[in-house]
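Heads up: the structure comes next, in structure tokens.
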């Protein structure tokens, strides 16, 4: 199974990874994982004032900060994974990547680092559900 796992480093990302580790059926060579981190874009005026390489370094650092503990976790579990970083609106990027990449499953935490939380699901998760036809496993 080809599985897309959006991550942001929040406690719900950690819960989703703990769920993955606790269920043997998700481990092993039967699944191919792609971890996706979407960095919010720097506002256009600020981005125009910055050197492009400095801006790219900023985005790369944000993703590396999120991926570092996940790489360690996946290494301990002996799970091979691909790591993908994008910039822009999280829900739009997640839904587009899941659809274009022809993933079989999208596995994500119910909430993330958003400033305003919804009562039942986070705003990104809710929007991904609306935009994407790929089956979604939400871990709370």
Handout entry: Computed label-point distance, nm, for sites residue 27 and residue 129 using a 7 Å Cα→Cβ extension
Key = 3.0
Exercise for the section: Return a whole-number percent for the relative contact order of the chain, with Cα pairs under 8 Å and 6 or more residues apart as the contact set. Expected result: 35
Fill in the blank from the handout: Taking Cα atoms only, helix 52-76 is inclined relative to the longest principal axis of the chain by an angle, in degrees rounded to 10, of 20
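Using 0.36 nm per residue of separation minus the Cα-Cα distance, give me the extension gain between residue 102 and residue 78 in nm, one decimal. Mind showing how you got there, number by number?
Details: separation 24, 0.36 × 24 = 8.64 nm, distance 2.42 nm.
Length gained between residue 102 and residue 78: 6.2 nm.
With a 10 Å radius around each residue's Cβ, average the other Cβ atoms per peptide and rank 62-72, 6-16, 47-57, highest first.
Those peptides, ordered most packed to least, come out 6-16, 62-72, 47-57.
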Problem - Computed Kirkwood radius, in angstrom, where 1/r is averaged over Cα pairs of the chain - result: 15.6
Problem - Label-point separation, residue 71 to residue 10 (7 Å along Cα→Cβ), nm - result: 2.4
Practice task
Work out how far the C-alpha atoms of the range 18-81 reach from end to end along every principal axis, then list the three figures in whole Å, largest first.
Solution key: 49, 18, 16
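Every number in this text was worked out from the coordinates using simple rules, so none of it is lab data. Keep in mind the model is a prediction, meaning the values are calculated, not measured. Don't worry about glycine lacking a Cβ; one is built from the backbone with ideal geometry, like all the others, and counts go over all protein chains shown.
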